[in-house]
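Got a structure here, written out as structure tokens. Questions coming.
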Amino acid sequence: MARRVLSLALWAVLATVVLVWLPIVAVVFACTAPFDRGRYAAGRWFRRAAIVCVKLNPLWRFRTSGVRITDPRRPYIAIANHESFADILLISHLPWEMKWVSKDALFRIPVLGWMMRMAGDIRVRRGDLESRSDALREIRDRLERRVSVMVFPEGTRSRTGEVLPFRNGAFRVAVETGAPILPLAVAGTRNAIAKGSFLMGPARAEVRVLPPIETAGLTPSDVPELRERVRRLIIDARDELRRELAAR
């Protein structure tokens with residue numbers, strides 16, 4: 001019962017931060033939209049809300065590690081494993097802007113969905129081929145505007161902790177555009193919020209940025225090998241992170 005009450009209180013804090021953040025993002029969007037076509041500034045301010053939410057949660061200790069990106073306007077396709085809703089809050093701590101490919105349901109949440117639209121995030125409906133095609137087109141658009149894109153290629157969170165198979169779409173776009181892949185390994189967030197539950201738990205979580213993988217010179221026939229190479233790198237780094245977190 002105590003955990004349920006605490007979780008409800010922490011969700012209320014999260015909702016309050018979202019409400020407070022709406023006018024901030026709206027002002028930044030209104031002031032920058034005419035010349036910031038990639039919505040970099042509005043998106044960056046939107047991600048800061050996630051950092052505040054984590055700081056206000058006494059159960060969570062989140063951190064980042066790994067490669068530091070020196071040019072935030074060089075566009076990457078960031079690829080991460082997906083363990084929990086809290087992955088979004090964790091990855092938002094990385095100090096550069098990325099547009100998120102997110103399921104349609106999030107865009108339909110009042111206030112949150114409005115800010116996602118202002119931030120230029122990319123909507124996709126599961127099982128809808130036309131929506132998936134539109135999302136791939138929008139990924140290309142963001143890359144052309146020199147903004148990175150964040151993708152969970154598993155398509156959904158894993159209930160077992162096993163990294164699910166990766167889908168081809170993001171890797172195909174990376175090869176077509178020549179954008180480098182930026183692998184991200186996430187560990188620890190399953191303890192923060194489990195799939196299918198609203199209950200929050202104590203969690204030490206970390207996202208590790210792995211060295212970028214260049215795609216220049218690759219062809220569509222290289223996509224399967226690239227996809228599996230990235231998946232294996234992320235799995236190995238995630239397993240290493242789990243061992244490190246357990247030892248702390």
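We did not get these values from a lab; they are worked out from the coordinates using the rules stated. Here the structure is a predicted model, which is why all the values come from computation and not from measurement. Quick reminder, even Gly has a Cβ in these numbers, built from the backbone with ideal geometry, and neighbours come from all protein chains shown.
Can you pull out the residues in region 61-83 that are under 24 Å from PHE198 (Cβ atoms), in contact with a Ser or Thr (Cβ under 9 Å, 6 or more places away or on another chain) and either surrounded by 22 or more Cβ atoms within 10 Å (Cβ to Cβ) or aliphatic (A, V, I, L, M) (or both)?
PHE62, ASN81, GLU83
Now for a different question. Working carefully through the options SER92, SER102, SER7, find the one that is free of Cβ contacts under 8 Å to residues at least 24 places away in the same chain, crowded, with 16+ Cβ neighbours inside 10 Å and not basic (Lys, Arg). Write out each step before concluding.
Details: SER92 fails: free of Cβ contacts under 8 Å to residues at least 24 places away in the same chain; SER7 fails: free of Cβ contacts under 8 Å to residues at least 24 places away in the same chain.
Residue meeting the stated conditions: SER102.
In this structure, does ALA194 turn out to be of a type in the set (A, V, I, L, M, F, W, C), touching a residue at least 12 places away in the same chain (Cβ under 8 Å) and closer than 26 Å to CYS53 by Cα?
On the way: of a type in the set (A, V, I, L, M, F, W, C): yes; touching a residue at least 12 places away in the same chain (Cβ under 8 Å): yes; closer than 26 Å to CYS53 by Cα: yes.
Spelling it out, ALA194 is indeed of a type in the set (A, V, I, L, M, F, W, C), touching a residue at least 12 places away in the same chain (Cβ under 8 Å) and closer than 26 Å to CYS53 by Cα.
How about region 147-184: which of its residues are more than 21 Å from ARG125 (Cβ to Cβ) and either touching a strand residue (DSSP E or B) at 6+ places or on another chain (Cβ under 9 Å) or of a type in the set (Lys, Arg) (or both)?
VAL147, SER148, ARG159, ALA174, THR177, ALA179, PRO180, ILE181, LEU182, PRO183, LEU184 - these are the residues of region 147-184 that are more than 21 Å from ARG125 (Cβ to Cβ) and either touching a strand residue (DSSP E or B) at 6+ places or on another chain (Cβ under 9 Å) or of a type in the set (Lys, Arg) (or both).
So, one more: If GLY120 satisfies all but one of (1) over 16 Å from ALA78 (Cβ atoms); (2) in contact (Cβ under 8 Å) with a residue 60 or more places away in the chain; (3) in contact with a Gly (Cβ under 8 Å, 6 or more places away or on another chain); (4) not hydrophobic (A, V, I, L, M, F, W, C), what's the number of the condition it fails?
(1)
A further question follows. Can you pull out the residues in region 10-56 that are surrounded by 14 or more Cβ atoms within 10 Å (Cβ to Cβ) and among the small types (Gly, Ala, Ser)?
ALA26, ALA33, GLY38, ALA41, ALA42, GLY43, ALA49, ALA50
Something else: Does region 171-194 include one or more residues that are at positive phi and in contact with a helix residue (DSSP H, G or I) (Cβ under 7 Å, 6 or more places away or on another chain)?
Of all residues in region 171-194, those at positive phi come to 178, 188.
This time we only want the ones that are in contact with a helix residue (DSSP H, G or I) (Cβ under 7 Å, 6 or more places away or on another chain), so: 188.
Scanning region 171-194 turns up at least one residue that is at positive phi and in contact with a helix residue (DSSP H, G or I) (Cβ under 7 Å, 6 or more places away or on another chain).
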